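Chemist: Take a look at this one; I'll ask things after.
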Amino acid sequence: MSVQKIEGNRYMSKSTKRCVLALDQGTTSSRAILFDEKGQPLATKQETFPQHVRSMETGTDGGGADQAVVEHDPEDLWRTQIGCASLCLSEAGVRPEEVAAIGITNQRETTILWDRSTGKPVAPAIVWQSRVSAPICERLKGDGLEPEVRRRTGLLIDPYFSATKIMHLFEKYSGLRDRCERGEILFGTVDCFLIWRLTGGRVHATDVTNASRTLLFDITTGEWSDELLRIFNVPRAMLPQVRTSSGVFGEVDEGWLGASIPIAGCAGDQQSSAFAHGCVEAGDAKTTYGTGAFLLESTGGKPVLDAKGLLATPGCSLGSGPVLQSYCLEGSVFVAGALVGWLRDGLGLIERSSDIEPLARSVSDAGGVVIVPALAGLGTPHWDPFARGLIVGLTRSTEKSHIARAALDSIALSVAEVLGCLESSSGHQLPRLRVDGGACVNDLLMQTQADVLGVPVDRPAVLETTALGAGLLAGLATDFYPSVMAVSEARRIEKTFHPQMNESQRQQRLDQWRDAVGRCQGWAQPI
C-alpha cells in the first residue's frame, strides 16, 4: 500500500490517492460514498435493511404500558455496509489502493453487544428509537439519579441513550453481565462494531462523539466515568477505547476491500454533519432531516449543562490532542422522515416517499388538521417516552392531501419548537438555518420550515453532508485534504428559502402546535 506512517498515528497520502470513502450507516439503510479532493461525490451505493418493530408489555415496572421495541440485526448492518463499500468502489472504477482513507459515520446510541472470541452478536441491536428501557429509566429517575447523570454527561435519563439499553439486555439474558465483567462480551455503538469487524477484531475503539451518547462518558473529563458505570451497573471491561474523531483507528483487513485502507475518521451522524457544515463558531447551527430531525448549535469550548430540555454534547475532535475540543447544544426530534415512511408503509397513503410533496401541494393548507409525530415518544424539549402520536382536527371534508400537508407541517413545527429552546438557552438569535438530509429535497417542507422559523433556510449543493463530514475527518487525518477549505465547493448553498409568513400567522401556527403536543403527552403513562 502506497502510504507512509508519520507522527505515530497519521498517514501521508501519495499522489496515487484519488478519493476518500465514507461509510454512512443509518437507521434504515447503509450507504457508501466516494468523495474526491474537492469533496464532490464520485459514486454512491445504498441498501436498506429490515426494521424489527413490535410492542412489548413492560410488566410491573411499566404498569402494563406498551413500549415500542425497535431492533436491528447487527449482521444486516455489517452485510449491507461492507456490500455497499465494495460495490461503490467497483462501479466507480476506483481501485482500493487509490482510496486515501475511510471515514465512518453512524446512527448514534444504537447498542450492540458481541462475543469477543467469535465476533457474533449476542442479542439484537437495540435502536436509538426503542422505548424498551423506559421502565428502567423511570426507576433510575425515581431514585433521584438524573441530576448527577446530567452534570457528568450533559444528557437526561431516557431510553434514547445506550446505558439503559445495556441494563435491559442484562435483565433479559441471564449471565450476560458476568460474561461482560470477564471481558468475554464487548459493547459498542454501530461505529465501534464496524471498526471491530473491519479490522478483524484488532481494534475496539470509538470516538468522543459516539462515546458521549452512552450515559457512561463524562464530557467534562473526557473519560469513562466510574460513578456512571456504578449507577448503570455496567462493567468497564466491555467498553471501547475513546479516541479523537480525526485520526487513524486502524487498517481494514485486506480481504474485505482488497487493500489495507486506514480507517481515519469516525463521528456520530449529527456531529459529522455539523462538522461538514462548518458549525464551529458559537451560534452556528444546522438541522439534519433523516429518520428523525436533529439540531446542533455550537457553543464553542465549553459545554452548557443547564439548558432546559436540551442536550450538551461534544463536537468532532481533531488530531492527537484531547478528545474534548468543542461542544454543542442538541435538540432531538425522534420522528421526521419516519413519519413519511409510516404514511407510506403503515397507512398506504402514498406509494413512494417522494409522492408526499405533490400530494401535499394539491391543497393550500392542512385544512385544520394537526399531526404530532410522537410515534417513538417525544424528544426535545419534553423527553416524554410515554407520549403517543396524534392526529387532531379531522372533519368530513378531510382528505389524504390534508394529512400529507399536516405531516410536512409537523416536521417543520417540531424543528421550530426545538430551535426556540436553543435560542433561549444559548442566547444566540439564529440568523439562518443550515440544513441537510434526504428530506431537504422537498421544497415545500423547506419553505414551510423557513415560514415557521421566520429565518432563511440554506440548502447546500451537496446534501450528503453527514457522509461528507466523515470523509473530511478521514481525509484531514491522512493529509488527503490539506484543510477544511478544500471542500468549500461542496459547502456551497444551492438554494435559500426565505420566510413568507407574517409574524401573527407564525405565532398562531406555533400556539396551535403547542396545544396539540400537550394533548398527546403521557398517553401511555403507567396509571
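The values are calculated or read from the model by the stated rules, or taken from the named source; none is laboratory data. Everything numeric in this text was worked out from a predicted model, so none of it was measured. Positions of Cβ are backbone-derived with ideal geometry, glycine not excepted, and every protein chain shown enters the neighbour counts. Protein only, heavy atoms only, side chains kept; ligands, DNA and RNA dropped before computing areas. Shrake-Rupley method; radii C 1.70, N 1.55, O 1.52, S 1.80 Å.
Chemist: Using only DSSP helix segments of four residues or longer, with each worth -39500 (n - 2.57), what per-residue ellipticity at 222 nm results for the chain after dividing by its residue count and rounding to 500? Don't skip to the end; give the middle numbers.
Modeler: Values: 17 runs with 174 residues, N = 527.
Rounded to the nearest 500, it is -10000 deg cm²/dmol.
Chemist: Can you tell me which of 129-137, 419-427 comes out highest on packing, and rank the rest after it, using the mean Cβ neighbours within 10 Å? Provide the component values of the computation, followed by the final result.
Modeler: Numbers: 129-137: 25.2, 419-427: 18.0.
By packing density, highest mean first, the sequence is 129-137, 419-427.
Chemist: Just to confirm, what accessible area per residue do you get for the chain at 1.4 Å probe, in whole Å²? Each step should come with its number before you reach the end.
Modeler: Details: 19300 Å² over 527 residues.
Ligands and nucleic acids excluded, the figure is 37 Å² per residue.
Chemist: If we sort 34-45, 346-357, 267-278 on the protection proxy, mean other Cβ atoms within 10 Å, highest first, what's the order? Numbers along the way, then the final one.
Modeler: Details: 34-45: 18.8, 346-357: 14.5, 267-278: 29.8.
Packing proxy ranking, top to bottom: 267-278, 34-45, 346-357.
Chemist: Once the Cα gyration tensor of region 91-151 is found, what semi-axes does its equivalent ellipsoid get, as square roots of 5 times the eigenvalues, in whole Å, sorted largest first?
Modeler: Working: eigenvalues 287, 57, 28 Å².
Over the Cα atoms of region 91-151, the semi-axes work out to 38, 17, 12 Å.
Chemist: Hey, could you get me the Stokes-Einstein D for region 206-330, Kirkwood radius over alpha-carbon pairs, 4 °C and 1.567 mPa s, rounded to whole µm² s⁻¹?
Modeler: Numbers: Rh = 15.5 Å.
The calculation lands on 83 µm²/s.
Chemist: Let's see if you can work this out: charge +1 on each Lys and Arg Cβ, -1 on each Asp and Glu Cβ, no other charges. What is the dipole magnitude of region 428-473 about its Cα centre, in debye to the nearest 20?
Modeler: 120 debye
Chemist: Quote the FRET efficiency, to the nearest 0.05, computed for ARG230 versus THR48 with a Förster distance R0 of 51 Å and r equal to the Cβ-Cβ distance. Walk me through the numbers on the way to the answer.
Modeler: Details: r = 40 Å, r/R0 = 0.78.
About 0.80, to the nearest 0.05.
Chemist: Roughly how many percent of the accessible protein surface of region 219-275 is carbon and sulfur, given a 1.4 Å probe and a whole-percent answer?
Modeler: Numbers: 730 of 1770 Å².
Heavy-atom surface of region 219-275 belonging to carbon and sulfur, 1.4 Å probe: 41 percent.
Chemist: Using only C-alpha atoms and all pairs of different ones, pull out the Kirkwood radius for region 110-238 in Å with one decimal.
Modeler: On the way: mean 1/r = 0.0679 Å⁻¹.
One decimal place: 14.7 Å for the Kirkwood radius.
Chemist: Next up: Could you tell me which of rounded, prolate or oblate describes region 372-464, using a ≥ b ≥ c as the square roots of the eigenvalues of the alpha-carbon gyration tensor, with rounded for a/c under 1.5 and, failing that, prolate when a/b is larger than b/c and oblate otherwise? Could you put the intermediate results ahead of the total?
Modeler: Numbers: a/c = 1.92, a/b = 1.26, b/c = 1.53.
Cα axes put region 372-464 in the oblate bin.
Chemist: For region 412-511, what does the alpha-carbon gyration tensor say about shape, rounded, prolate or oblate, given a ≥ b ≥ c as the root eigenvalues, a/c under 1.5 as rounded, and a/b over b/c as prolate? Display every interim value, and only then the final one.
Modeler: On the way: a/c = 2.83, a/b = 2.04, b/c = 1.38.
Since a/c reaches 1.5 and a/b is larger than b/c, the shape of region 412-511 is classed as prolate.
Chemist: As a test of understanding, state the convex hull volume per residue of region 298-424 from its alpha carbons, in Å³. List each step's numbers first, then the result.
Modeler: On the way: hull volume 18.5 nm³, N = 127.
Normalising the Cα hull of region 298-424 by residue number yields 146 Å³.
Chemist: Something else: Among bridges DSSP assigns within the chain, what percent are antiparallel (round to 5)? If you can, show how the numbers build up before the last one.
Modeler: Values: 59 of 80 bridges.
Just about 75 percent of them are antiparallel.
Chemist: Let me ask you something else. Rounded to the nearest angstrom and ordered from largest down, what semi-axes does the equivalent ellipsoid of region 427-480 get from its C-alpha gyration tensor (root of 5λ)? Intermediate values should be presented prior to the final figure.
Modeler: Working: eigenvalues 152, 44, 9 Å².
The three semi-axes for region 427-480 are 28, 15, 7 Å.
Chemist: What relative contact order, as a whole-number percentage, does the chain give when Cα pairs under 8 Å and 6 or more residues apart are counted?
Modeler: Numbers: 1271 pairs, mean separation 85.1, N = 527.
This gives 16 percent for the chain.
Chemist: For region 284-362 and region 129-152, what is the centre-to-centre distance using only Cα atoms, to the nearest Å?
Modeler: After rounding, the separation between the Cα centres reads 22 Å.
Chemist: ARG95 to GLU148: extension gain in nm, 0.36 nm per residue of separation minus the Cα-Cα distance?
Modeler: Values: separation 53, 0.36 × 53 = 19.08 nm, distance 5.05 nm.
Going from the current span to full extension adds 14.0 nm.
Chemist: Pop the C-beta distance of LYS495 and GLN40 into the FRET formula with R0 = 22 Å and round what comes out to the nearest 0.05. Before the final figure, lay out each step's value.
Modeler: Values: r = 18 Å, r/R0 = 0.81.
Once the sixth-power term is evaluated, E becomes 0.80.
Chemist: Work out the FRET efficiency for GLU281 and LYS141 from their Cβ-Cβ distance, taking R0 = 30 Å, and round it to the nearest 0.05.
Modeler: Numbers: r = 35 Å, r/R0 = 1.17.
Calculated value: 0.30.
Chemist: Calculate, in nm to one decimal, what MET485 and GLU171 gain on full extension: separation in residues at 0.36 nm each, minus their alpha carbon distance.
Modeler: Numbers: separation 314, 0.36 × 314 = 113.04 nm, distance 4.89 nm.
Full extension from MET485 to GLU171 adds 108.1 nm.
Chemist: Calculate the dipole size of region 204-247 relative to its Cα centre from +1 charges on Lys and Arg beta carbons and -1 charges on Asp and Glu beta carbons; express the result in debye to the nearest 20. Intermediate values should be presented prior to the final figure.
Modeler: Numbers: 4 positive and 5 negative charges, 26 e Å.
Computed about the Cα centre, the dipole is about 120 debye.
Chemist: Sorted by average packing, counted as other Cβ atoms within 10 angstrom per residue and highest first, what order do 446-452, 222-228, 70-76, 396-402 take? Can you show the working numbers first?
Modeler: Numbers: 446-452: 23.4, 222-228: 15.9, 70-76: 18.9, 396-402: 13.7.
Taking the mean over residues of other Cβ atoms within 10 Å, the ranking is 446-452, 70-76, 222-228, 396-402.
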